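The values are calculated or read from the model by the stated rules, or taken from the named source; none is laboratory data. Owing to the predicted nature of the structure, the values given are computational and were not obtained by experimental measurement. Using ideal geometry, Cβ is built from the backbone for each residue, glycine included, and neighbour counts are taken over all protein chains shown. For accessibility, only protein heavy atoms count, side chains too; no ligands or nucleic acids. Shrake-Rupley method; radii C 1.70, N 1.55, O 1.52, S 1.80 Å.
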Number of protein chains: 2
Amino acid sequence: MSRLDVFIDRMVSQRACIDFAVQATSHLSGPVFELGLGNGRTYDHIREVVSGRDIFVFEREVASNPASTPPEDRVLLGDVRETLPAALARFGATASIIHADLGGHNLERNDQFARAISPAIEPLLAVGGLMVSSDCMYFEALTEIEIPENAVAGRCFIYRKDA
Amino acid sequence: MSRLDVFIDRMVSQRACIDFAVQATSHLSGPVFELGLGNGRTYDHIREVVSGRDIFVFEREVASNPASTPPEDRVLLGDVRETLPAALARFGATASIIHADLGGHNLERNDQFARAISPAIEPLLAVGGLMVSSDCMYFEALTEIEIPENAVAGRCFIYRKDA
């Protein structure tokens, strides 16, 4: 498998898992959190498939394509190690979907980062809410669920907050 | 269609067209030219599927993932408006495949760039050689051919140099 193959699998799986999560949480009205904006392609997809829910983007510095730059009041600017706890104080356990693509090239550093931020992500989810990630996460009480058929194993992960 | 949808279609089409081109030119031994290295994912794919042919990368400044950085003597460093004519002097009309993903966000500027470099690309191809591009190109004498079934129309283009 080339790096292009892996990348395509990751993007296809990301889309499949987001689409699945939007359907599976359609009974929830809480906000959708996108961790990391990057180019803005995935944000653009989320805002296309989500309706009736607020979408907030966590990002250190906005550098997205102008075609998919979120409104200023929907960006939570700063390091997620600070903005995630701040979001908990502001929103409580209300998020219907949290999506993260840590997306670094260094797998070991990604994994360390995933371990570091998992405890700050976990309390934000509403009961029934889903966390979709391109990396394996480290949660105490969330349940890892099956990814949809059109996603590729190992390229994305979905976790659910049960009652 | 979201920008993520368009991007996935582009990457899938790029891979499909490269794979097709490698098969369709398997009788040729001339070099493969990759215009633009970027992250190096597509270069990584090309070197996986091409065998027995030299691969040269045209790039202004190498900033690829270390996992897919070409050997120094296979990088033609500089602006393609200079390195393409230099390659013609060095290699003549010998290229079996030329691949380009201009990949800018500004469609109009991409198109201008495609027009500007098309005349410098065209003479590099061997008879039977293929040019694969994510953008529409502007050639005098190359024949645009059908893209493979698993590629998406408008997301990639293939041109052939006939005898």
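Checking each residue in the range A:26-52 for being part of a loop (DSSP other than H, G, I, E, B), touching a residue at least 60 places away in the same chain (Cβ under 8 Å) and either under 28 Å from residue B:14 (Cβ atoms) or aromatic (Phe, Trp, Tyr) (or both) picks out A:36, A:38.
Here the range A:52-74 is the region considered, the condition is being facing another protein chain (nearest Cβ under 8 Å) and surrounded by 15 or more Cβ atoms within 10 Å (Cβ to Cβ), and the residue that is nearest to the chain's Cα centre (by Cα) is A:68. Summed over the range A:75-88, the residues that are open to solvent by less than 70 Å² (accessible area, probe 1.4 Å) and either assigned to a strand (DSSP E or B) or without any contact (Cβ under 8 Å) to a residue 24 or more places away in the chain (or both) give a count of 5. Out of the range B:95-124, which residues are among the β-branched types (Val, Ile, Thr) and either more than 11 Å from the chain's Cα centre (by Cα) or part of a helix (DSSP H, G or I) (or both)? Once the filter is applied, which keeps residues that are among the β-branched types (Val, Ile, Thr) and either more than 11 Å from the chain's Cα centre (by Cα) or part of a helix (DSSP H, G or I) (or both), the range B:95-124 yields B:117, B:121.
With respect to residue A:96, determine if the residue is at pLDDT below 95, among the polar types (S, T, N, Q) and crowded, with 17+ Cβ neighbours inside 10 Å. No. Looking at the range A:83-95 only, could you name the residues that are over 15 Å from residue A:57 (Cβ atoms) and not β-branched (Val, Ile, Thr)? Answer for the range A:83-95, where residues must be over 15 Å from residue A:57 (Cβ atoms) and not β-branched (Val, Ile, Thr): A:85, A:88, A:89, A:92, A:93. Restricting attention to the range B:99-120, the residues that are within 15 Å of residue B:137 (Cα to Cα) and open to solvent by less than 80 Å² (accessible area, probe 1.4 Å) add up to 14. Among the residues of the range B:82-138, the one identified as within 14 Å of chain A (Cβ to nearest Cβ) and at positive phi is B:103. Output yes when any residue across the range A:100-109 is over 15 Å from residue A:57 (Cβ atoms) and either of a type in the set (D, E, K, R) or touching a residue at least 60 places away in the same chain (Cβ under 8 Å) (or both), and no when none is. Yes, that holds for at least one residue. In this structure, residue B:141 qualifies as open to solvent by 60 Å² or more (accessible area, probe 1.4 Å), assigned to a loop (DSSP other than H, G, I, E, B) and more than 30 Å from residue A:66 (Cβ to Cβ). Looking across the range A:26-51 at every residue that is open to solvent by 40 Å² or more (accessible area, probe 1.4 Å), of a type in the set (D, E, K, R) and farther than 26 Å from residue B:16 by Cα, the one that is farthest from the other protein chains (Cβ to nearest Cβ) is identified as A:47. The C-beta contact set for the range B:1-25 (first residue within 10 Å of chain A (Cβ to nearest Cβ), second residue part of a helix (DSSP H, G or I) and among the small types (Gly, Ala, Ser), distance under 9 angstrom, 6+ apart or interchain) comprises B:2/A:68; B:3/A:67; B:3/A:68.
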